[in-house]
1. Which residue is nearest to PRO42 (Cα to Cα), if the candidates are limited to the range 194-210 and must be of a type in the set (A, V, I, L, M, F, W, C) and more than 11 Å from ligand 1 (Cβ to nearest atom)?
2. Is there any pair linking a residue in the range 86-101 that is free of Cβ contacts under 8 Å to residues at least 40 places away in the same chain to one that is outside any helix (DSSP H, G or I) and surrounded by 15 or more Cβ atoms within 10 Å (Cβ to Cβ), with Cβ under 7 Å and at least six apart or on different chains, and which?
3. Find the residue count for the range 104-121, including only residues that are in contact with a Gly (Cβ under 7 Å, 6 or more places away or on another chain) and away from ligand 2 (no atom under 16 Å from the Cβ).
4. Check GLY53 against each of (1) within 12 Å of ligand 1 (Cβ to nearest atom); (2) more than 30 Å from ARG236 (Cβ to Cβ) and name the one condition it does not meet.
5. Evaluate the range 273-284: report whether one residue or more is in a strand (DSSP E or B), surrounded by 19 or more Cβ atoms within 10 Å (Cβ to Cβ) and either within 16 Å of ligand 1 (Cβ to nearest atom) or without any contact (Cβ under 8 Å) to a residue 60 or more places away in the chain (or both).
6. Specify which of the listed residues (ALA176, ALA86) is among the hydrophobic types (A, V, I, L, M, F, W, C), modelled with pLDDT of 95 or more and farther than 18 Å from LEU69 by Cα.
7. Of a type in the set (S, T, N, Q) and crowded, with 17+ Cβ neighbours inside 10 Å, is that true of SER233?
8. Please verify whether ALA315 is in contact with a His (Cβ under 6 Å, 6 or more places away or on another chain) and either of a type outside the set (Lys, Arg) or within 16 Å of ligand 1 (Cβ to nearest atom) (or both), treating the condition exactly as stated.
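The values are calculated or read from the model by the stated rules, or taken from the named source; none is laboratory data. Keep in mind that this is a model prediction, so the values were computed, not measured. Counting neighbours? That spans all protein chains shown, and the Cβs are built from the backbone with ideal geometry, glycine included.
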Amino acid sequence: MGNERILVTGGAGYIGSHTIVELLAVPGIEVVSVDNLSNSDPAVFGRIARICGREVRNHVIDLCDARALDRMFANEAPFSGVIHFAAFKSVPESMADPRKYYHNNINSLLNILETSVRNGVPKFIFSSSCSVYGNIERMPVSETTPLGRAESPYAHTKQVGERIVGEYARAHPALAAISLRYFNPVGAHASGQLGEDPINPPSSLVPVITRTAIGKMARVTVFGTDYPTRDGSCIRDYVHVSDIANAHVKALDRAARNGTGVEVFNLGTGTGVSVLEAIAAFEQVSGMRLPYELGQRRSGDVGAIWSDTTRSREALGWKAERDLLAMMGTAWAWERHRSEEK
Ligand code: NAD
Ligand code: WQD
């Protein structure tokens, strides 16, 4: 890749910060971030600087504020690409407060797309989610699997978001867009110095496991043991966040080669892992016994979902490299580092 100037929205967040680290490792790539810190701590930019030896400028702007975004572009453009991570992402919160999700996730997308097109940005990468598939039976899911009914307002914002991105790309042939459907991103940077650090308390499995192990939560509850799976607990496609981050570097390259229109790629490993297997992997890497109990199903959960990886391997040239032990090991290293830092 030649000289590039990339705008990362949500750069202070979990996946955005790991992607900035991957981008800065590529010679010739410069990064600017926009993040209003609604679910993140600005300390993340110090961690990125320590890992990469380079500073990244973050603009504390709400993407729903189109004027502020215009002013930022006036100062910082041109950009050769935009990677749009910024969004709210809690499924239960979106059920309790749908307006918050439709307002933030859709308005910020419309504003960043509009400003990008007006400023002639040629490449746009959108963070989508496997939640767009809804509750479907046939596994693995491929990009051609018809989307089911969105199970939450959050998932619906991703279905609608993908459609908006596609329609922008069709209306503006100079724009090449890619939507990446992440499965379950987990783990942390190999240094153990950067990882998931949300303002809101965690409800996802791996942060709940590491918080329990460090003593900040009493135990892990396994949500459901009567699913039609090999051990009765739910199956998911956990994928290392640094692999997800690396896929964005490939996506920028792919968009440049593809030139126009929109493409969609799954980002998963292709392997399903049960909740009990995830706990066993954590116990193996940490050498600890994790306190956990078998509990009731959590409402809204699908029994099993994992990714067909054919298209991302063949067209994007991307494959997840890190295994479940690396995911758990780095998540645990980060949790310990984080508790010393705070
Ligand atoms: P995150 O909450 O850690 O990061 C999102 C960042 O965006 C936060 O730092 C937040 O402060 C910022 N932000 C939110 N709204 C904003 C706004 N209006 N203006 C400016 N900044 C704003 O989340 P993440 O896990 O890094 O997720 C990144 C993207 O990936 C999201 O779009 C999410 O929906 C998607 N995604 C995440 C997962 C996952 O499990 N983490 C899975 C699939 C898809
Ligand atoms: C994983 C498994 C739980 C916590 C969510 C979003 C999805 C996507 C990824 C954004 C499930 C079980 C969990 C616990 C448990 N995000 N679990 N005890 O629900 O697969 O996906 O994140 O786009 O849209 O829905 O992730 O980590 O919450 O759960 O047993 O304390 O762990 O039942 O089977 P999920 P998760």
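1. Ranking the qualifying residues of the range 194-210, first place goes to LEU194.
2. Listed by first residue and then by second, the contacts come to LYS100/PHE88.
3. 1
4. Exception for GLY53: condition (1).
5. So in the range 273-284, the residues in a strand (DSSP E or B) come out as 273-274.
Those still in the list that are surrounded by 19 or more Cβ atoms within 10 Å (Cβ to Cβ) too: 273-274.
With either within 16 Å of ligand 1 (Cβ to nearest atom) or without any contact (Cβ under 8 Å) to a residue 60 or more places away in the chain (or both) added as a condition, the list becomes 273-274.
Yes.
6. Values: ALA86 fails: farther than 18 Å from LEU69 by Cα.
Every option except ALA176 fails the conditions.
7. Working: of a type in the set (S, T, N, Q): yes; crowded, with 17+ Cβ neighbours inside 10 Å: yes.
So SER233 fits the description; yes.
8. Details: in contact with a His (Cβ under 6 Å, 6 or more places away or on another chain): no; either of a type outside the set (Lys, Arg) or within 16 Å of ligand 1 (Cβ to nearest atom) (or both): yes.
Here the answer is no, as ALA315 does not meet what is asked.
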